[in-house]
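As C-alpha cells, the structure follows; a few thoughts come after it.
No value in this document is a laboratory result; all are computed from the given coordinates. Note that the structure is predicted; figures quoted are calculated from it, not measured. Cβ coordinates were reconstructed from backbone atoms using ideal geometry, including for glycine residues, and neighbour counts include every protein chain displayed.
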Amino acid sequence: MEMTLRYYGKEFDTVKLEHIFQIPGVKGVITTLYDTTPGQVWTREAIQKLKKEVSDAGGHISGIESVNVHDAIKAGTFDRDLYIDNYIETLENLGKEDIHLVCYNFMPVFDWTRSELARKRPDGSTVLAYNKKAVESIKPEEMFDSIKNNSNGTIMPGWEPERMEKVKELFEIYKDIDEEKLFENLCYFLRRIMPVCNKYDIKMAIHPDDPAWSVFGLPRIITNEKNIKRMLEAVDDVHNGITFCSGSYGTNLENDLPHMIREFKGRIHFAHVRNLKFNSPDDFEEACHLSSDGSFDMYEIVKALYETGFTGPIRPDHGRMIWDEVAMPGYGLYDRALGACYIEGLWEAIEKGNK
Ligand code: DNO
C-alpha cells in the first residue's frame, strides 16, 4: 500500500502540500481539478499544471478523487453520450499524463450527506455526524445552507453552489429512475469507458454511497456486498473496481467490512480507512481513526487489506477538528496526519508479524 492524503489544490485547500509531505510516509496525494464542473473535459494543460504544483512540493499524484459524473449519465437522459464522450476525453488526457487511478461516485444529485459538520465530542474536538431523523425532517436546500454556513468558508466536495442552483431540476430528471434503472445506467457508462481505461491502464474505483441508504427519496445502489458483486460481474474487467471506504460501507451495520475486503480482492483499487462511532443505529459520528474510539475494528480492516495483497493508495479519511485548526470540515491536517501514522503503524505491525 501507499499512504496518501487528499488534497484539493492550492486555491481551495486549507492545508498546504508542504505540510502534507511532512507527514511520515506520505509522498503521494489524491487530488482533483476542483474548479471543473461535472461534464467538462479536463485539458492536458490543466492536468500538467496540477502535476507540477505537486512535484514542486516534493511529491506526486497517486490518483484522482474525483472526476465527477454528470447527472445526465446517472439519470440516462437523451444527451448522456455527449457527456460520456467528454468523460472519455478526460480519461484519455489523464492517461497521457500517466495518471492511472480515478475515484468517482454514482450518487444521484448529491454526494455524501451529513446532518452536522461540527458535532462537539467530550474532548472538545468536533466531527461530522449523521442523525437519520434530523435528515428526514429537512429539505435538501436546507441541508445545503447548513453545510455552506458551517464549512469554515470552504466549498465542500459534493456541495458545490452550481449543483445547488439546479437542485429542483435535478430532482425532476430522477423522478422515474429507480435502483434498477440507475444500475443499468452505471453499467452503460462503465461499458463505454472500459476501452479507454484498458488502453491507458486506468483503474476506475467507484466510491460507495454515503450513507449507504436512500436519502431524500433518491435511489442509491453502491451500498452493500450484493450490489458491488453484481456491478463487478456485470462489467467484468479489472479496470472496473471499487474504492473501499470503511466509513461509508460501515454506515450499514450489516456490512461485514473485513469480509467484504476479502471478497473483492483484486478489484479494490483505493482505500479510505476511517472509523465511525454509532450512538444508535440511526445516529453516528466520525470518531478518530483508533479502534478504541469508534465502532469498527481497524486492525481487522487493515489486516484484510494486507492479507489480500493490497498495493494501491490508502488515505486516512475525514479527521476530527482538533488543536484549534480551522479547515474544511473533515479535511484538516492534524487529525488526518494522526490517522495516517496510526494506519501505517498497524500495517507495519501486521507485516512484521507475518514474517
Ligand atoms: C467525502 C468524500 C466523497 C468522495 C466522492 C467520490 O468526503 O468521501 O466526496 O470523494 O464521493 O466521488
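State the antiparallel share, in %, of DSSP beta bridges confined to the chain, rounding to the nearest 5.
30
How about residue 51: which aspartates and glutamates have a C-alpha closer than 17 Å to its C-alpha, ignoring those fewer than 8 places off in the same chain?
Qualifying aspartates and glutamates at Cα under 17 Å: 11, 13, 18, 35, 65, 92, 97, 98.
Given H placed on each backbone N at 1.01 Å, which residues far from residue 251 in sequence or on other chains put an amide H within less than 5 Å of it?
The answer is 212.
Rounded to whole Hz and in sequence order, give me ³J(HN,Hα) for segment 340-348 from the Karplus expression 6.51 cos²θ - 1.76 cosθ + 1.60, θ = phi - 60°, writing x for Gly and Pro.
The phi angles translate into 4, 5, 4, 5, 4, x, 4, 4, 4 Hz.
So in segment 194-316, what percent of DSSP beta bridges are antiparallel if you round to the nearest 5?
Of those bridges, close to 25 percent are antiparallel.
How long are the semi-axes of the equivalent ellipsoid of segment 92-248, taking √(5λ) for every eigenvalue λ of the Cα gyration tensor, in whole Å from largest down?
30, 19, 16
Would you please give the residues with an amide H less than 5 Å from that of residue 6, counting only those at least 5 places away or on a separate chain, with H modeled from the backbone geometry?
Residues meeting the criterion, in which the H sits 1.01 Å from N, are 30.
Given 231, 69, 305, which one lies farthest toward the positive end of the charge dipole of the chain, if we put +1 on the Cβ of every Lys and Arg and -1 on the Cβ of every Asp and Glu?
Result: 305.
If I model a spin label at residue 139 and residue 152 as a point 7 Å from the Cα along the Cα→Cβ vector, what separation in nanometres do I get?
3.1
Would you mind ranking 30, 64 by Cβ crowding within 10 Å, fewest neighbours first?
Ranked by crowding around the Cβ, least crowded first: 30, 64.
Between residue 295 and residue 81, what is the label-to-label distance in nm when each label sits 7 Å out along the Cα-to-Cβ direction?
4.5
Just want the ordering: 223, 77, from fewest to most Cβ atoms lying within 10 Å of their own Cβ.
In increasing order of surrounding Cβ atoms, one gets 77, 223.
Taking amide H atoms as placed 1.01 Å from N in the peptide plane, list the residues 5 or more away in sequence, or in a different chain, whose amide H sits under 5 Å from that of residue 328.
It is 14, by chain and number.
Would you list the P(r) distribution for segment 41-151, with all Cα-Cα distances sorted into 5 Å bins from 0 and each bin expressed as a whole %?
Taking every Cα pair in segment 41-151, the percentages come to 2, 10, 14, 15, 13, 14, 15, 11, 6, 1, 0.
Over all directions, average the projected area of the Cα convex hull of segment 2-354 and note it in nm².
Mean projected area for segment 2-354: 16.2 nm², to one decimal.
On a 29 Å Cα-Cα criterion, which of the cross-link pairs 96/166; 96/226; 10/203; 27/166 come out too long?
Over 29 Å Cα-Cα: 96/166; 96/226; 27/166.
Counting other C-beta atoms within 10 Å, which of 1, 204 has the fewest, and how do the rest follow?
1, 204
Whole-Hz Karplus ³J(HN,Hα) for segment 24-33, in order, using 6.51 cos²θ - 1.76 cosθ + 1.60 and θ = phi - 60°, x for Gly and Pro?
Working through the residues one at a time gives x, x, 9, 10, x, 10, 9, 9, 7, 8 Hz.
Rounded to whole Hz and in sequence order, give me ³J(HN,Hα) for segment 281-290 from the Karplus expression 6.51 cos²θ - 1.76 cosθ + 1.60, θ = phi - 60°, writing x for Gly and Pro.
x, 9, 9, 9, 10, 8, 6, 6, 5, 4
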